[in-house]
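Worksheet: one structure, shown below.
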Amino acid sequence: MKNSVLGILFILLASSLFAQTSDTLTVTKNEKVIVVRDSLRLQEPYDPLAPSRAAFYSAVLPGLGQAYNKKYWKIPIIYIGMASGVYFYVQNDKDYDRFRNAYKRRLAGFTDDEFFGNGDTPVISNDRLIDAQKSARKNKDVSIIVSLAFYLVNIIDANVDAHLKQYNVSDDLTLEPNFEMNSINNEANYGLSLKLKLK
């Protein structure tokens with residue numbers, strides 16, 4: 001019995017020795033240290049006159065401040081807004097002149113204006129012509145205000161965009177949510193942590 005146990009033990013040990021293969025992997029000590037520059041830390045120097053320069057460019061020629069800030073997609077929006085205000089101003093001015101001329105001709109005793117119609121009774125009354133003149137004048141004023149608003153928004157947008165383009169996003173000031181478990185009563189504690197690193 002002892003011989004059979006020793007024989008089985010010897011066979012198991014011998015088979016595990018034959019199953020092993022030698023390691024052919026060699027480790028060399030020629031390690032190279034590679035330093036990679038952090039692209040997030042690379043910042044342009046702060047230019048304090050960039051916002052005022054962008055606002056000045058936009059005031060001289062609308063859209064030039066957006067081109068200075070490299071926000072080219074905003075330029076067509078500015079010109080479409082200003083052009084629509086000018087277009088509606090011209091259209092309302094023509095309508096105002098039509099209504100005013102028709103009203104003046106009616107006061108002079110003529111019945112041949114475009115709003116009178118074919119018969120003796122007018123299609124549009126004198127009171128309605130006065131209301132149409134007031135409405136056209138009000139629409140002209142609104143059109144001027146829309147064009148000026150787009151012009152002013154153009155200047156403000158260039159200034160703000162130049163400010164935000166140079167905004168410092170670094171780890172010196174961080175605000176992050178915090179979640180911890182209270183070890184005494186196993187309730188969740190929520191909070192915010194504010195880190196401020198002064199140089």
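The values are calculated or read from the model by the stated rules, or taken from the named source; none is laboratory data. Here the structure is a predicted model, which means the values were calculated and not measured. Don't worry about glycine lacking a Cβ; one is built from the backbone with ideal geometry, like all the others, and counts go over all protein chains shown. Side chains included, ligands, DNA and RNA excluded: accessible areas come from the protein's heavy atoms. Shrake-Rupley method; radii C 1.70, N 1.55, O 1.52, S 1.80 Å.
One table, with the values for the structure above:
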item: Qualifying positions in the range 100-157 - surrounded by fewer than 13 Cβ atoms within 10 Å (Cβ to Cβ), over 36 Å from the mean Cα position of the chain (by Cα) and of a type in the set (A, V, I, L, M, F, W, C); result: Leu107, Ala108, Phe110, Val123
item: So Leu6, is it part of a helix (DSSP H, G or I), at pLDDT below 70 and farther than 30 Å from Ile155 by Cβ; result: no
item: Residue list for the range 165-179, filter: at pLDDT below 80 and either touching a Cys at 6+ places or on another chain (Cβ under 7 Å) or open to solvent by less than 100 Å² (accessible area, probe 1.4 Å) (or both); result: Asn168, Ser170, Asp171, Asp172, Thr174, Glu176, Asn178
item: The range 128-163: number of residues that are touching a helix residue (DSSP H, G or I) at 6+ places or on another chain (Cβ under 9 Å) and either among the hydrophobic types (A, V, I, L, M, F, W, C) or under 18 Å from Val60 (Cβ atoms) (or both); result: 23
item: Test: residue in the range 31-50 that is under 30 Å from Tyr151 (Cα atoms), at pLDDT 65 or above, part of a helix (DSSP H, G or I) and not β-branched (Val, Ile, Thr); result: yes
